Amino acid sequence: ARELPAYARRVLGALEGAGYEAWVVGGWVRDALLGRPGHDVDVTTSAPWQETARVLREAGMAVHETGTDHGTVTAVADGRPVETTTYRVEGTYSDRRHPDEVRFVTDVREDLARRDFTVNAMAFHPERGLLDPFGGEKDLAACVIRAVGEPRRRFEEDALRVLRAVRFACRLDAAIEPATQAALEAGASGLAAIAQERVGQELDGILATGRVAWALRHELPVLAAAVPELAPMAGFDQKSPYHAHDVLEHTARVCAGVEEFAGGCPSAALRWAALLHDVAKPVCWSEDVSGRGHFFGHPGEGARVTRRVMGRLAIPGEVTRGAAALVLLHDFEIRASAPSMRRMLSELEAAAPGQARPLAFALLDLKRADAVAKAPACMGYAVELDAMSAVLRRELAAGGVWRARDLAVGGADVIAERGIEPGPGVGMVLAQLLEAVKAGEVPNEREALLAWLRW
Ligand code: ATP
Ligand code: MG
């Protein structure tokens, strides 16, 4: 069942033909054992990287020197990249993220021992079979994430492993072994000291598994060590008849809901928005005299916190703008009518220029997940939202008008019909006209719009 692709066999064959030893390691081995083919192939070899480069070039492959400090080169075999790294171990980690030194070694077992989790610390060779000194195959079968070696030390060496443990637990639908779990909690504070960009990538990876709801419920201390803004959600009672759960459980349900409503592949912006949609709530929530909770913050507060968190984590700007727009508008009142859809599209366009179409469907998914996750009183609205994507689709197919440039008239028509000078006044007239069209007061037809301008 574990058919190693021919291009990877070429890399192993070339290195071993030159007298070195080489194995496939890491993600490919893990995923192949799970019957999930298609993972990139990483190779580990006894050859020093200069030798690896020479041997693989002589075998006709292009070789890029992608990480020679760590002994890594990337060979392109039959069009597929294969990262090939010399057996190595790492020295001490005084910054808790980057080893102070890399030491090359001669025994593949030493290389496997420096890897993070048992399921990631197996090597495979088509003739020699599986090399599994830490019981990774058994842990994989039992769905367990277990640190290689002494867990506390491993998380102290590199705190990013704390998030990696959660990511692999989400991805493999696995449990975290108790000693590893205890060490996770002890090591999570180390995340504050490592590059926020790396933290952002791992969190994005956790979201991409589609199982962040599990992480919120079971690994909040780890997530909150990465994003402190998440911590106040736990146990936060909204004192509202519309909410049956605290903000944390509500958020977990919304995260799970968007996966379902977006057919298992929500955009990154939607996943981030689901995670952060209520992030401002615990800080902007107060009770009125009757003891009922209300949001007292600025309506843009959630979007502001979203931009701050995602900016700090160096998430790409387009994803951040999309997520912030969804958070901003997740409480926006929408009805199943064309004018309401057009209003939603123009609000999204204003918040995240150029992304209104994809965000509109994402917003419906988010609102639906939010309504379903609230109290049963909100189910009626959830059902209505369910019908809205059809209205949205119809509206978009009909060439919906939600930006001034979608109007069937332009600035020149305003100048001609109103007899005004070019300048900001023209834009104001177009904005008024756009409002009238979005409200359904006038159809987006040239003659009708010209008549409106003359009137
Ligand atoms: P993915 O599909 O997420 O890329 P992967 O197993 O390929 O999964 P990578 O992050 O690409 O994971 O790392 C490749 C391998 O390198 C891992 O399987 C693991 O053996 C090792 N590794 C990566 N990062 C670390 C780390 N921070 N500490 C220890 N070992 C690591
Ligand atoms: Mg990888």
Considering only the chain, percent of DSSP beta bridges that pair antiparallel, nearest 5: 80
Which whole-percent values make up P(r) of the chain when all C-alpha to C-alpha distances are grouped in 10 Å steps starting at zero? 4, 17, 22, 20, 16, 11, 7, 2, 0
Which residues' amide hydrogens lie under 5 Å from the amide hydrogen of I176, considering only partners 5 or more residues apart or on another chain, with H built in the peptide plane? I145
What value in Å³ per residue do you get for the convex hull of the alpha-carbon atoms in the range 234-402? 112
Can you give the extra length, in nm with one decimal, that the chain gains between R312 and A179 once fully stretched, where that is 0.36 nm per residue apart less the Cα-Cα distance? 44.7 nm
Give the distance, in whole Å, between the Cα centre of the range 251-271 and the Cα centre of the range 30-57. 34
Distance between modelled label sites at I415 and E51, nm, 7 Å Cα→Cβ extension: 7.5
Ranking V102, V55, V108 by Cβ neighbours within 10 Å, fewest first, what do you get? V102, V108, V55
What list of ³J(HN,Hα) couplings, whole Hz, do you get for the range 431-440 from phi and the Karplus terms 6.51, -1.76, 1.60, once you set θ to phi - 60° and write x for glycine and proline? 5, 5, 4, 4, 4, 5, 5, 5, 7, x
How large is the Rg to Rh ratio of the range 150-197 when both quantities use alpha carbon positions and Rh follows Kirkwood? 0.96
Helix-only [θ] at 222 nm, the chain, -39500 (n - 2.57) per DSSP H run of 4+, per residue, nearest 500, equals -15500 deg cm²/dmol
Between E384 and A195, what is 0.36 nm times their sequence separation minus the Cα-Cα distance? Round to one decimal in nm. 63.7 nm
Please turn the phi angles of the range 350-363 into ³J(HN,Hα) values with the Karplus equation 6.51 cos²θ - 1.76 cosθ + 1.60 (θ = phi - 60°), one per residue in order, whole Hz, x for glycine and proline. 5, 7, 9, x, x, 10, 4, 4, x, 5, 4, 5, 4, 5
Grab the chain and count how many Lys pairs have their alpha-carbon atoms under 18 Å apart, sequence gap of 8 or more, or different chains. 4
May I ask you to evaluate 6.51 cos²θ - 1.76 cosθ + 1.60, the Karplus curve with θ = phi - 60°, for each residue of the range 332-346 and list the ³J(HN,Hα) values in order in whole Hz, giving x for glycine and proline? 5, 6, 10, 10, 7, 9, 4, x, 5, 4, 5, 4, 4, 4, 6
Expected sort for K367, K281 with the fewest Cβ neighbours (10 Å cutoff) up front is K281, K367
As a footprinting exposure proxy, order C170, C378, C143, C265 by other Cβ within 10 Å, with the fewest listed first. C265, C143, C378, C170
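Only the coordinates and a few stated rules stand behind these numbers; no lab work does. Predicted model only: the values in this text are computed from it and were never measured. Here Cβ is always computed from backbone atoms with ideal geometry, including for glycine, and neighbour counts include all displayed protein chains.
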